[in-house]
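Notes follow once the structure below has been shown.
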Amino acid sequence: AAVAGAVWAVAGGSLPAVLERPLQEPLTSQRIVLWREALALAAEHPVRGAGPDRFGALNRAAEQGAAPDGKPHSAPLQAAAEQGVPGVLLLGAAFGWVLLALYRSPRPTPVVLAAGAALTGLAAVASVGNALSFNQITMGAGLLVGLATAGEGGEVP
């Protein structure tokens, strides 16, 4: 939540210059432009969003070469731009559901904590990058959740 909030604050330009300047170099100005475009698109279509995979077509920064892959490089901002508020709520609910499943898991504590840490790290990386755009990563995350929440006989609680 902290990383997603920071991304949202950078995209909205609401961080003080003292905090935003150090972030501009590692994040690159192109990424910040993409985030601001995603936030502007989300503001134009707050309820229904612009539609799945429409960010690349509607992105005004793409003309300047800022979005060669048509993604805003932030999962929460992409959900906001393409699916609106319901998409952001569902993305957050899916992560919360996974954490709840890990909490209720019959697996040993070290397995659950390692899976929770890995998935929280993935969520942080997906907030500032396009990690969830790769099928291998989402499939691996799903496999990790399945292994960490399965019961002894293979049944999922």
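Taking amide H as placed 1.01 Å from N in the peptide plane, the amide H of Gly129 sits under 5 Å from that of Ala75, each at least 5 places away or on another chain.
Taking amide hydrogens as placed 1.01 Å from N in the peptide plane, the amide H of Ala50 sits under 5 Å from those of Glu82, Gln83, Gly84, each at least 5 positions away in sequence or on another chain.
If DNA, RNA and ligands are ignored and the probe is 1.4 Å, what is the ranking of Trp97, Trp35, Trp8 by accessible area, most exposed first? Before the final figure, lay out each step's value.
On the way: Trp97 185, Trp35 0, Trp8 95 Å².
Accessible-area ranking of Trp97, Trp35, Trp8, largest first: Trp97, Trp8, Trp35.
The HN-Hα couplings worked out from phi for region 140-148 by the Karplus form 6.51 cos²θ - 1.76 cosθ + 1.60 (θ = phi - 60°) are x, 5, x, 5, 4, 5, x, 5, 7 Hz, whole numbers, x standing for Gly and Pro.
Counting only helical runs of four or more DSSP H residues, what would the 222 nm mean residue ellipticity of the chain come to if each run contributes -39,500 (n - 2.57) and the total is spread over all its residues? Only helices count here, giving -22000 deg cm²/dmol. (i) 32, 17, 14; (ii) 23, 18, 14; (iii) 31, 18, 17: which one is semi-axes √(5λ) of the Cα gyration tensor in Å as calculated from this entry? Structure-derived value, by its label: (i). Taking the longest Cα principal axis of the chain as reference, the axis of helix 29-44 is set at about 90 degrees. Taking the charge dipole of the chain about its Cα centre, with +1 at Lys and Arg Cβ atoms and -1 at Asp and Glu Cβ atoms, the residue from Gln136, Phe55, Ala40 reaching farthest to the positive side is Ala40. Exposed loop sites here mean trypsin sites (Lys or Arg not before Pro) with a DSSP loop assignment and at most 13 other beta-carbon atoms within 10 Å; the chain contains its longest site-free run at 49-103. If you fit an axis through the alpha-carbon atoms of helix 17-27 and take the longest principal axis of the Cα set of the chain, what angle between them do you get, 0 to 90°, nearest 10? The angle comes out at about 70 degrees. Modelled spin labels at Glu25 and Ala2, positioned 7 Å past Cα toward Cβ, are 2.2 nm from each other.
Residue-wise HN-Hα couplings along region 80-93, as the Karplus relation 6.51 cos²θ - 1.76 cosθ + 1.60 with θ = phi - 60° gives them from phi, are 5, 6, 9, 10, x, 4, x, x, 5, 5, 5, 4, x, 5 Hz; Gly and Pro carry x. Spacing of the modelled spin labels on Glu44 and Glu152, each 7 Å from Cα toward Cβ, amounts to 5.7 nm.
How do Val7, Val145 stack up against each other in accessible area, from largest to smallest, with a 1.4 angstrom probe? Write down the numbers at each step before the final one.
Details: Val7 5, Val145 30 Å².
Of Val7, Val145, the descending order of accessible area is Val145, Val7.
Based on DSSP loop calls and a cut-off of at most 15 other Cβ atoms within 10 Å, the longest stretch of the chain free of exposed GluC sites (Glu not before Pro) is what? Answer from the scan: 1-151.
A Cβ-based charge dipole, computed about the Cα centre of the chain with Lys and Arg at +1 and Asp and Glu at -1, lands at about 140 debye.
The values are calculated or read from the model by the stated rules, or taken from the named source; none is laboratory data. All values derive from a computational prediction rather than experimental measurement. Note that each Cβ is placed from the backbone with ideal geometry, even for glycine, and that neighbours are counted across all protein chains shown. When the accessible area is computed, the model is the full protein with side chains, heavy atoms only, and any ligands, DNA or RNA have been set aside. Shrake-Rupley method; radii C 1.70, N 1.55, O 1.52, S 1.80 Å.
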